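To start, the structure under review is shown below, and the notes come after it.
The values are calculated or read from the model by the stated rules, or taken from the named source; none is laboratory data. What you are looking at is a predicted structure, and each value in this text was computed from that prediction instead of being measured. Counting neighbours? That spans all protein chains shown, and the Cβs are built from the backbone with ideal geometry, glycine included.
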Amino acid sequence: MSDVFTMKKWWKFVLPIVLAVGLAFWLTDRWKAWFVMPAEPPYFPSEIPERLLLTFADSTGTDRQVSWRCDTVLRPSYVELRSDDGTLQTYPAEGEIFRSRSGTGAYYVGRLNGLSPDRTYSYRVCTGGRMSGWHTFRTPAEEQSRFSFVYVGDIQDTLQGQTNRYLREAFRRHPEAEFLVGGGDWSERPSDNYWAETFRSIDSVGQSLPVMNITGNHDYLKGIPLQLERRFSLIYSYFLRSMEGKNQVFSLKYGDAEFFLLDTNREPNYLWAQRRWLEEKLKDSSARWKILVMHHPIHSIKSGANNLVQKWMFNDLIHKYRVDLVLQGHEHAYARLASTEEDGGKATPVYTISHCSPKQYRVDFDRPFDRIGIAGRYYQKVTVTPDTLFLSAYEAVTGELYDSLLLVKRPEGQPSRVVDAASHLPENMSFTPRPGKEKDADYAANIRRYMASHPEKTFRY
């Protein structure tokens, strides 16, 4: 009896210690995961201009900017521009030294203004007498009644250049696409080695087609408070003139559409400043189509409790000012949701979530999405005309059509009508549970229940 008593007494002291040690290890692990940046390997920029990126210069969509990096000290730099009629012009570039944790680089931005519509230009950059190769782009027509673009969500590429093949194939299939839009998290982390992989992903695309990307949570340094390195804006240089305080925001009028880019990673006080900026921009917008690009989904695929701050900040503005399309990333799956009208029809706004990352998130099948995809990597092509907006989602690896819908403009003051053109396409439910993994078995059971509850749909699994 005394031995039993002693054992119970011993456990009263030992158990709290064991629990405390376990909690300490868990907290240490989580602290490192959430707040500690991995070491950045030392790096040394090339003495030849590298990492060229073509972007928009301002909100009008007419001018262009080129950013690049070269060496570790500032040197006289410029952009040489040749039009298709043989005219040669030189544009000066502004330079800035950026010092990260493990290296220093000189970054440059050259603005190409006064461009003529519907014309092909070739350009190269020069720093300290050293030239890049030539690259070519084309400006849009003056009266742009129809245009297309490609949207790509999270990349976070650890695929050693495979994403570059996906993107080049996407633009080969859709040569009419005029620019590339990103939903943030194109880099795994803000370290030079990951930036190198990002540029490898967009190589040959980002030098010839304007790129418009937003910030994702992986673009920020880990820690409290949140910090975004200056080189993000030096690379995506349209932010240099458009920031709202410390908020990375940007708007672009292109044809009959206007794009609004937000930074949803910030603390509530910063988001409130973005809300004021967005409302002002939406109120003043005369565009037929309004497209919002943000990282964190308003309607999460994981839980109704996710991204509530972003939802509270922006969703009422989306409805109030008749935003048509909301392009989102962050959650690594495919999802699409439109508003339901009283007669059961669908209307704008349309919310989409998409990614092109090797990572996959598990979805909550109780969330009210019109279409989902739990596996695969995707990109979206959007075609805009005065009266219609056509969105098609493709599987990046195979190029197969995965989703399709048409938005049709109604009279002023009414939401656009949404026509689902993908009812014949199977939803991707591919999932292979690992033997002996209870969570995998539960998820597989949820998939089966979802499929059984939607007899009107077809599935691939």
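For the structure I just gave you, tell me whether Y107 is crowded, with 20+ Cβ neighbours inside 10 Å, in the same structural domain as G95 (by TED's automatic domain parsing) and over 17 Å from the mean Cα position of the chain (by Cα). It is true that Y107 is crowded, with 20+ Cβ neighbours inside 10 Å, in the same structural domain as G95 (by TED's automatic domain parsing) and over 17 Å from the mean Cα position of the chain (by Cα). For V73, the requirement of being outside any loop (DSSP other than H, G, I, E, B) and either of a type outside the set (G, A, S) or modelled with pLDDT of 95 or more (or both) is not met. Within the set D85, D71, the sole residue that is within 30 Å of the chain's Cα centre (by Cα), among the charged types (D, E, K, R) and over 19 Å from L209 (Cα atoms) turns out to be D71.
Annotation: of all residues in the range 125-152 being among the aliphatic types (A, V, I, L, M) and in a strand (DSSP E or B), the one that is surrounded by the fewest Cβ atoms within 10 Å (Cβ to Cβ) is M131.
Every residue, every condition in (1) in a strand (DSSP E or B); (2) of a type outside the set (K, R); (3) over 24 Å from D324 (Cα atoms), yes or no:
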position	(1), (2), (3)
L407	yes, yes, no
P411	no, yes, no
P415	no, yes, no
V418	yes, yes, no
A422	no, yes, no
P433	no, yes, yes
D440	no, yes, yes
A444	no, yes, yes
I447	no, yes, yes
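Taken over the range 290-321, the criterion of being buried (at least 18 other Cβ atoms within 10 Å of the Cβ), closer than 23 Å to T383 by Cα and in contact with a Ser or Thr (Cβ under 8 Å, 6 or more places away or on another chain) is satisfied by M294, H295.
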